[in-house]
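**Q** Sharing a structure here in structure tokens format.
The values are calculated or read from the model by the stated rules, or taken from the named source; none is laboratory data. Remember, it's a predicted structure, so these values are computed and weren't measured experimentally. Every residue, glycine as well, gets a Cβ built from its backbone with ideal geometry; the counts of neighbours run over all protein chains shown.
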Amino acid sequence: MSDQPQRISYFPLSEMDDQMMAVMNRCAAEGTPRPESSAVRAHSNAAFWAFDNAWEKLFRSGVVEHSIKELCRVYVSRSVKCEYCGNQRSEAAHDAGLTEGKFDDLMNFESSASYSDRQKAALSYAEAITWRFDPDDGFWERLHSHFNEEELVELACFIALTMGQQSWIRMLNIDHHQVMAGGAASLAPGFEDREALAASRQSPEYWASSPPR
């Protein structure tokens, strides 16, 4: 993380209403998103609820497998280098069998044996959106062979939502264990508390230590 100061403050929990606090409690208990990013969005009631509603429909719900969305979410994190988002994991995806080792080859997914053809197609979609590629007919034929049009629209809207949020969040210099601290919900292994987080960032294998591509 940058040594620069935090750019937007956390909205005080004491000033949140019961509905907003219910979301914050869920963030603390379940994560993805965790409380810090939600506390920043809480400065704008419209932004807070627009994101929460969209996240519920596009990430937690929907027709595309949650584990595929989680792979795409972390791919975007590593592409835009949002450490706050990239050090989170969806517990629902983990419960569905998405183990930590599945994230090791994300930036080289095409040549990896870790992913199914459907997962690779989804990641190629995330790649094209994130890096603003101009795909050819073969790209679209591949996608249509694995996803129907409802799935393609849902997946693209989710990728666009998480890319926009993470491209912004990475600029804020926020970090975990700063709002409603004490829980480790949805944190990647090695980031469960402040001490572990600091130690993990010192490792030469830390994913954000080198350029993503």
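**Q** Looking at (1) aliphatic (A, V, I, L, M); (2) assigned to a helix (DSSP H, G or I); (3) surrounded by fewer than 23 Cβ atoms within 10 Å (Cβ to Cβ), which is the only condition Ile68 fails?
**A** The single condition Ile68 does not satisfy is (3).
**Q** Only one of Val23, Val63 is touching a residue at least 40 places away in the same chain (Cβ under 8 Å), of a type in the set (A, V, I, L, M, F, W, C) and either farther than 29 Å from Glu127 by Cα or surrounded by fewer than 19 Cβ atoms within 10 Å (Cβ to Cβ) (or both); which?
**A** It is Val63.
**Q** Here's something else I'd like to know. For the range 94-141, which positions are under 14 Å from Val74 (Cβ atoms), among the β-branched types (Val, Ile, Thr) and modelled with pLDDT of 95 or more?
**A** Selection gives Thr130 alone.
**Q** Going by the structure shown, is Met107 touching a Lys or Arg at 6+ places or on another chain (Cβ under 8 Å), part of a helix (DSSP H, G or I), over 18 Å from Phe158 (Cβ atoms) and of a type outside the set (Gly, Ala, Ser)?
**A** Taking the combined requirement at face value, the residue satisfies it.
**Q** Every residue in the range 144-178 that is crowded, with 20+ Cβ neighbours inside 10 Å and aliphatic (A, V, I, L, M), please.
**A** Leu155, Ile159, Met163, Ile169, Ile174
**Q** Sticking with this structure for a sec: Looking only at residues that are aliphatic (A, V, I, L, M) and surrounded by 14 or more Cβ atoms within 10 Å (Cβ to Cβ) in the range 104-118, which one is nearest to Ser210 (Cα to Cα)?
**A** Met107
**Q** Name, by its number, the condition in (1) of a type in the set (Ser, Thr, Tyr); (2) part of a loop (DSSP other than H, G, I, E, B); (3) in contact (Cβ under 8 Å) with a residue 40 or more places away in the chain that does not hold for Ser114.
**A** Answer for Ser114: the failing condition is (3).
**Q** Might you check whether a residue that is free of Cβ contacts under 8 Å to residues at least 60 places away in the same chain, over 30 Å from Pro5 (Cα atoms) and not in a helix (DSSP H, G or I) occurs anywhere in the range 147-170?
**A** For the range 147-170, residues free of Cβ contacts under 8 Å to residues at least 60 places away in the same chain, over 30 Å from Pro5 (Cα atoms) and not in a helix (DSSP H, G or I): present.
**Q** Go through (1) among the acidic types (Asp, Glu); (2) surrounded by fewer than 12 Cβ atoms within 10 Å (Cβ to Cβ); (3) assigned to a loop (DSSP other than H, G, I, E, B) and name the single condition Glu141 misses.
**A** In the conditions (1) among the acidic types (Asp, Glu); (2) surrounded by fewer than 12 Cβ atoms within 10 Å (Cβ to Cβ); (3) assigned to a loop (DSSP other than H, G, I, E, B), Glu141 misses (3) alone.
**Q** In addition: How many residues does the range 1-30 hold that are among the acidic types (Asp, Glu), farther than 16 Å from Asp52 by Cα and at pLDDT 95 or above?
**A** 1
**Q** What are the residues in the range 57-112 that are within 26 Å of Gln178 (Cα to Cα) and polar (S, T, N, Q), if any?
**A** Once the filter is applied, which keeps residues that are within 26 Å of Gln178 (Cα to Cα) and polar (S, T, N, Q), the range 57-112 yields Ser77, Ser79, Asn87, Gln88, Ser90.
**Q** Taking the range 42-65, which residues are in a helix (DSSP H, G or I), under 20 Å from Glu149 (Cβ atoms) and small (Gly, Ala, Ser)?
**A** If the condition is that a residue be in a helix (DSSP H, G or I), under 20 Å from Glu149 (Cβ atoms) and small (Gly, Ala, Ser), then Ala54 is the only one that fits.
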